[in-house]
Amino acid sequence: MRNVRACFASSEGAASVPDARTKVGAMQVKVYITPRQGILDPQGRTVEHALASLGFAGVSDVKIGRYITLNLDAKTTDEARASASKMCEQLLANPNIEDFRFEIEGA
Amino acid sequence: MRWGVIRFPGSLDDLDAIYGLRDVMGQDVQPLWHKDEQLHGVECVLLPGGFSYGDHLRCGAVARFSPIMKSVGKFAADGGLVIGICNGFQILTEAHLLPGALTRNRTLSFVCERVHLRVENAKTPFTCTSRPGDILTLPIKHGEGCYVAPESELLQMEERGQIILRYVDAKGDATDAANPNGSMRSIAGVCNDRFNVFGMMPHPEHAVEANLFGADGRKIFESIIAFQSVPEHRGQLRVEA
């Protein structure tokens, strides 16, 4: 499920002086957290009912989660991936009730 | 008996807990600041209700990393008594000191009412002055009190007697209508598998005086005091389900 995209955009040419604002090796991590399958999601259910009452037919299994972005200094995408995985397990998601996946993009 | 009441940024019910224990029940209470790593020789640690760290990310998820929680984890590992009420319960689940998790109420509404609770296991330090099946009436006030855990874990908890309190109606039946937040199996309070860490969503500290909406909350605190007054129990856990 983990979609890792590493696109180091460097169209400026190798000799360009690094800009202090864009750290070398900074990557953006996008974390998607959703209620775990089988765990009641009352927000999702309420929105599902609201969509039905608005006339949107055929809507089912609405899940409402959380989207987190963060910048991370890392040498490689593997390092970033390992670090992001630990962050999710230890703090960003509660593995008891939530599933998570993340994407990593070069800054 | 010496109690420690932790104050996190955003704790609300620490003062009621201190009032109930110290002023009403004559206990020795040590307030504990969350950045303090010392527990100052307390015999029971109480994590109060409130909105620690503004409930950011998830309720209790950030408070779990407060410096004092390392000491609480060690204290619990050594058999020390820990009780978490409401947000304190949420913090204990996030800290993995208690199983399961607390999620949004199924109605999505904050609930603030008095509920009936049935004592399911009276052989714990937190319920030993009650009998199984006794009904306690206590206030609840929370938005995230829906207890969830994997079905396999719930089965194990039932077998071991870790489900301590259930939401019931006035007759003592755990009906769906009497379940205020959608908790699985109407669970209102649970223990760890060693029975020295306890979490409950209802508020015993708000019910310690008969003329102020009942005194059933005292039964929880009196149990802890009775348990701790037995010399063999001090510092070491002996009660089993």
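Using a/c under 1.5 as the rounded threshold, could you call the stretch B:4-145 rounded, prolate or oblate? The axes a ≥ b ≥ c are square roots of the C-alpha gyration tensor eigenvalues, and prolate needs a/b larger than b/c, oblate otherwise.
Rounded.
Testing the spin-label approximation: label points 7 Å from Cα along Cα→Cβ at A:ALA50 and A:THR76. State their distance in nm.
Each label point is offset 7 Å from its Cα along the Cβ direction, giving 4.6 nm.
Of the cross-linked pairs A:LYS86/B:LYS74; A:LYS30/A:LYS75; A:LYS30/B:LYS70; B:LYS74/B:LYS141; A:LYS86/B:LYS35; A:LYS86/B:LYS70, which ones have a Cα-Cα span greater than 21 Å in the structure shown?
A:LYS86/B:LYS74; A:LYS30/B:LYS70; B:LYS74/B:LYS141; A:LYS86/B:LYS35
Run the helix sum for chain B: -39,500 (n - 2.57) per DSSP H stretch of 4+ residues, divided by residue count, reported at 222 nm to the nearest 500 deg cm²/dmol.
Calculated from helices alone, the mean residue ellipticity at 222 nm is -5500 deg cm²/dmol.
Hey, fewest Cβ within 10 Å first, where do B:LYS171, B:LYS70 land in order?
B:LYS171, B:LYS70
Tell me whether the stretch B:1-57 comes out rounded, prolate or oblate; compute the Cα gyration tensor, take square roots of the eigenvalues as a ≥ b ≥ c, and use a/c under 1.5 as the rounded threshold.
oblate
Using a Cα-Cα cut-off of under 12 Å, which aspartates and glutamates could be cross-linked to A:LYS63, ignoring same-chain neighbours fewer than 8 residues away?
Candidates past the 8-residue exclusion: A:ASP41, A:GLU48, A:GLU98, A:ASP99.
Give me B:SER183, B:SER152, B:SER71, B:SER52 sorted ascending by neighbouring Cβ count inside 10 Å, so fewest comes first.
Exposure proxy ranking, most exposed first: B:SER152, B:SER71, B:SER183, B:SER52.
Rounded to the nearest 5, what % of DSSP beta bridges with both residues in the protein assembly as shown are antiparallel?
Roughly 65 percent of the beta bridges in the protein assembly as shown run antiparallel, per DSSP.
Mind checking A:27-36 for the average number of partner chain beta-carbons within 10 Å of each residue's beta-carbon?
Mean number of neighbouring Cβ atoms from other chains: 1.
Using a/c under 1.5 as the rounded threshold, could you call the stretch A:25-106 rounded, prolate or oblate? The axes a ≥ b ≥ c are square roots of the C-alpha gyration tensor eigenvalues, and prolate needs a/b larger than b/c, oblate otherwise.
Values: a/c = 3.98, a/b = 2.26, b/c = 1.76.
It is prolate, given that a/c is not under 1.5 and a/b is the larger ratio.
Can you give the direction-averaged projected area of the convex hull of the alpha-carbon atoms in the protein assembly as shown, in nm²? List each step's numbers first, then the result.
Details: hull surface 87.6 nm².
That works out to 21.9 nm², a quarter of the Cα hull's surface.
So what's the net charge close to B:GLU205: Lys and Arg +1, Asp and Glu -1, counting the other residues with Cβ under 10 Å from its Cβ? Don't skip to the answer; put the middle values down first.
Working: positive: B:ARG218; negative: B:ASP13, B:ASP14, B:ASP16.
Net charge around B:GLU205: -2.
Please identify the longest segment of chain B free of exposed chymotrypsin sites (Phe, Trp or Tyr not before Pro), where exposed means a DSSP state other than H, G, I, E or B and no more than 15 other Cβ atoms within 10 Å.
B:1-109
Taking the beta-carbon count within 10 Å as an exposure proxy, list B:CYS44, B:CYS59 from fewest neighbours to most.
Placing the least packed residue first, the sequence is B:CYS44, B:CYS59.
Can you tell me, using C-alpha contacts under 8 Å and at least 6 residues apart, the relative contact order of chain B as a whole percent? Provide the component values of the computation, followed by the final result.
Details: 569 pairs, mean separation 49.2, N = 241.
It rounds to 20 percent for chain B.
Return the average number of partner chain Cβ atoms within 10 angstrom of each residue Cβ along peptide B:85-94.
Whole-number average of other-chain Cβ neighbours for B:85-94 is 1.
Among DSSP beta bridges lying fully in chain B, give the percent that are antiparallel, nearest 5.
Details: 22 of 39 bridges.
Roughly 55 percent of the beta bridges in chain B run antiparallel, per DSSP.
Every number here is computed from the coordinates shown, using simple stated rules; none is lab data. The structure presented is a predicted model; accordingly, all values stated were derived computationally and were not measured. When we count neighbours, we look across all protein chains shown, and the Cβ atoms used for this are built from the backbone with ideal geometry, even at glycine.
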